[in-house]
1. With unit charges on the beta carbons (Lys and Arg positive, Asp and Glu negative) and the dipole taken about the Cα centre of the chain, which residue among ILE155, HIS37, PHE74 sits farthest to the positive side?
2. Sum up the charges of everything whose Cβ sits under 14 Å from the Cβ of GLN83, counting Lys and Arg as +1 and Asp and Glu as -1, but leave GLN83 out.
3. So how tilted is helix 74-98 from the main axis of the chain? Cα-based, degrees 0 to 90, rounded to 10.
4. Step through the table entries LYS94/LYS167; LYS133/LYS167; LYS18/LYS145; LYS18/LYS167; LYS121/LYS153, compare each Cα-Cα distance with 22 Å, and write down the pairs that go over it.
5. Looking at the range 10-97, what % of the alpha carbon pairs are farther apart than 24 Å?
6. Using the Cβ atoms and a cut-off under 14 Å, what net charge is assigned to the surroundings of VAL69, where Lys and Arg are +1 and Asp and Glu are -1?
7. Determine the gain in length on full extension of the stretch GLN175-GLU116; use 0.36 nm per residue of separation and subtract their C-alpha separation, reporting nm with one decimal.
8. What 222 nm value per residue comes from the helices of the chain, counting each DSSP H run with n ≥ 4 as -39,500 (n - 2.57) and dividing by all residues, nearest 500 deg cm²/dmol?
Amino acid sequence: MNFQPIVPDENELLTQLKQGDPIAFDEIFNRFADPIHTYIRARLNGSEEGDDVLQEVFFRLWNKRASIVIQSSFRNYLYRIVQHCISDHQRASKRKRYTLTEEFPEYIEEKPLPDEQYQYKQVYHIWKNATNKLPGQMRRIYSMKNEEQLSVKEIASELQLSEQTVKNQLHTAGQRVMKMLRQ
């Protein structure tokens, strides 16, 4: 007799995942990790950080397992998470590139020249003055996001606002700061 292993379909795995079954999660990971990893690396131009993004994808999937709502297919749902993780990663990378070295001196490998130090301080003070001109709550939200490095969800929870309100305030604050910096 030949016994063929029973391979659960995606709907069955999804049901088990929603119930917190780690075996279903492992099966989903085994089915989707390689193609997702390949996709992520292509989108990040072969960056080694693809492993981190892949881990974040499955971390989010596990954390959101109870509230998963599939509108077209599980694969589409999963790739939507992938897109969000890639976007978050790219935003974080840009933020790291533009972080002022005065704020994180431990990352400086060599001491900047005095002219560079002066320029950094000037830019920092111009940026700080621009952020101080923002209206009260907007300034607080912008500060929590950029200086305290809190997530939108954490800010919304702490200030008892909706996440969309926080996102709108951050977007508007960013536009205002950039406008002030250009002047």
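Where a number appears in this text, it was derived from the coordinates with a stated rule and is not lab data. As the structure is a computational prediction, the values presented were derived from the model and not from experiment. Backbone-built Cβ (ideal geometry, glycine too); neighbour counts: all protein chains shown.
1. Comparing the listed Cα positions along the dipole, ILE155 ranks first.
2. Details: positive: ARG43, ARG60, ARG75, ARG80, ARG91; negative: GLU56, ASP88.
Local net charge: +3.
3. In the chain, helix 74-98 runs at an angle near 20 degrees to the longest axis.
4. On the way: LYS94/LYS167 18 Å; LYS133/LYS167 19 Å; LYS18/LYS145 31 Å; LYS18/LYS167 28 Å; LYS121/LYS153 31 Å.
Result: LYS18/LYS145; LYS18/LYS167; LYS121/LYS153 exceed 22 Å.
5. Numbers: 756 of 3828 pairs.
Of the Cα pairs, 20 percent sit more than 24 Å apart.
6. On the way: positive: LYS18, LYS64, ARG65, ARG80; negative: none.
In short, +4.
7. Details: separation 59, 0.36 × 59 = 21.24 nm, distance 2.63 nm.
Extending this stretch completely gives an extra 18.6 nm.
8. Calculated mean residue ellipticity at 222 nm is -23000 deg cm²/dmol.
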